[in-house]
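Have a look at the structure below, then the notes.
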Amino acid sequence: MNQQPKRALIVIDVQNEYVTGNLRIEYPPIEQSMANIATAMDAATAAGIPVIVIQHLLPEDAPIFASGSHNAELHPLVANRPRDHFIQKRMASAFAGTDLATYLRQQRIDTLSVVGYMTHNCDDSTVRQARHEGWQVELLHDAAGSPPYRNALGSATAEEIHRVFCVVMHTGFAAVLSTGDWLQALETGEIPQADNIYQSNQRALRAR
């Protein structure tokens, strides 16, 4: 029998900036991802899974996440729910310059369940660093999200960014699954599994 994971729920940067501020999440729809984040937090608390809330802060004159601003504050949906640990960060990864790794090791956590924003930036950075440092990782894809981008290299819709990053993360960095499937895994004890690079590539070739 597989030993059950000892999880922590990592709630990344659920701040007003992404909801009503200057960097609004467009896909999945913010109402959907926020509802799923709330569901995951409530389920984690009920199951005795530590909830770790992350807040991203930048200098006071920054156009986004400005320290002391309303937009940089945690959204009430997260701020008003129980949490076991709280971290403020200034870089994408929740591990960079914080005590997250120390806390997780003290709690003997072996699996991180990640929700929050943005899929392709702070979620992705946290997921990759966690995997490289030895943790198993789960990403709840419908409890995350992205905005659209345009720069000198071109443009991408929010849906394209979110979808592609989720596909890539599922090749080995994380088991990417829905909130509903994650809740079921908590109930059944099933351990979600990531795919791998080789099989993902072979399926794509066969589908041509």
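Side notes on the structure shown:
- Filtered GluC sites (Glu not before Pro), segment 108-208: DSSP coil and at most 13 other beta carbons within 10 Å: Glu133, Glu190
- Loop-located trypsin sites (Lys or Arg not before Pro) in segment 89-192, at most 16 other Cβ atoms within 10 Å (DSSP): Arg90, Arg108
- Structure-based [θ]222 nm, the chain - -39500 (n - 2.57) summed over DSSP H runs of at least 4, per residue, nearest 500: -10000 deg cm²/dmol
- Unit charges at the beta carbon, dipole of the chain: most positive-side option, Thr157, Ala40, Ser200: Ser200
- Computed label-point distance, nm, for sites Gln88 and Gln202 using a 7 Å Cα→Cβ extension: 5.0 nm
- Stretching Asp42 away from Thr102 to a fully extended chain increases their span by 19.2 nm, per 0.36 nm per residue minus the current alpha-carbon distance.
- Among Leu153, Leu57, Leu23, residue whose mean-square fluctuation peaks in a GNM of the chain (springs only between Cα atoms under 10 Å): Leu153
- Inter-centroid distance (Cα atoms) of segment 12-26 relative to segment 40-93, Å: 11 Å
Every read-out reported here was derived from the displayed coordinates using simple, explicitly stated rules and does not represent laboratory data. In this text, all values refer to a predicted model and were calculated from it rather than measured experimentally. Cβ: placed from backbone, ideal geometry, glycine included. Neighbour counts: every protein chain shown.
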